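A short reminder: the numbers here are calculations on the coordinates, not readings from a lab. Quick caveat: nothing in here was measured; it's all calculated off a predicted structure. Note: ideal-geometry Cβ built from the backbone for every residue, glycine included; neighbour counts use all protein chains shown.
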Amino acid sequence: MSAAALRTYSRLQRLTARVTSTRPLSSTAWIPPELPILENRLDSKDDEITKYELSCNVRPWSKDGSRYSRTYRSQGLIPGIIYGAPSPTSPEPSRILTLTSHQKIQRELVINKLPGYSAFSSRVYDLTLLDSTPSTNAGDVIQVIPRDLQMHPVRNEVLCLNYLRYYPGRPLEIPLRYSMVDDSPALKRGAFILAQNRFVTLTVLPGFKIPNFVEVDCSGLKLKDKVRLDRLALPEGCEWGKDVDDEFLVGSVFGRAKTMAGVEEEE
């Protein structure tokens with residue numbers, strides 16, 4: 001073996017040893033290392049209403065702008081704004097500039113993750129202000145809905161997160177959840193619902209709790225069936241939004257033709 005070939009062989013051996021000794025990446029490697037592996041609270045069979053909480057610092061208006069925002073992000077703080085009126089009849093108060101921990105936002109994104117999308121922007125949070133403002137005190141809690149979440153297109157990092165003030169009666173987009181799937185011959189044999197809407201607009205009346213989901217009854221569904229409003233269970237104390245009518249389409253049942261034949265033979 002020539003000297004050049006020997007050097008190449010030795011280099012390949014070193015590279016092989018380095019690769020095999022490297023710890024393989026897990027499926028959750030994108031989660032920051034300081035975060036624990038969290039169980040998705042939405043996977044639970046428990047239908048109890050979950051309380052959602054966040055806290056944020058308040059930044060002065062003199063430190064608003066892209067240059068300050070980049071500095072904040074380098075410190076693990078995500079800039080945003082609290083806006084919106086606290087009731088339908090009151091005027092909108094002064095907007096509050098916020099700084100929310102990037103780690104806390106990532107945590108909420110993980111535990112609100114659903115297959116193919118996230119329910120994070122559909123939740124009502126109790127947002128605790130850690131600093132005082134001319135109109136609020138440190139420790140005050142404001143009910144808000146996350147809005148205008150901006151993510152980096154490559155690094156999967158949060159760039160901005162705003163909050164909209166919530167009051168009872170403000171329309172909410174509540175995620176849909178399929179139930180009674182095993183009672184559908186088509187879905188049980190491998191068919192699926194091609195979703196047109198993953199959320200439905202609700203208004204929650206004063207004194208009632210905000211639901212985590214709206215259940216979709218899938219019992220008896222066959223191929224080519226359309227899932228509409230009549231299969232949705234309206235939670236107690238809620239009303240459908242103004243844009244929701246009887247023709248509201250959740251999705252359609254699709255699958256292979258042989259699946260349909262198998263179902264018909266079984267019937």
For the stretch 41-165: lysine pairs under 24 Å (alpha-carbon distance), excluding those fewer than 8 apart on one chain
5
Any idea how far apart LYS113 and ASP140 come out in nm if each label point goes 7 Å out from Cα toward Cβ?
3.6 nm
Count of lysine pairs in the stretch 172-266 with Cα separation under 24 Å (8 or more residues apart, or interchain):
9
Using DSSP, restrict attention to beta bridges with both residues in the stretch 172-266 and report what percent are antiparallel, rounded to the nearest 5.
80 percent
List the residues of the stretch 234-249 whose backbone N lies under 14 Å from a point placed 7 Å from the Cα of PHE208 along the Cα-to-Cβ direction.
234-242
Two-site FRET efficiency, ASN57 against ARG147, from Cβ-Cβ distance with R₀ of 25 Å, rounded to 0.05:
0.85
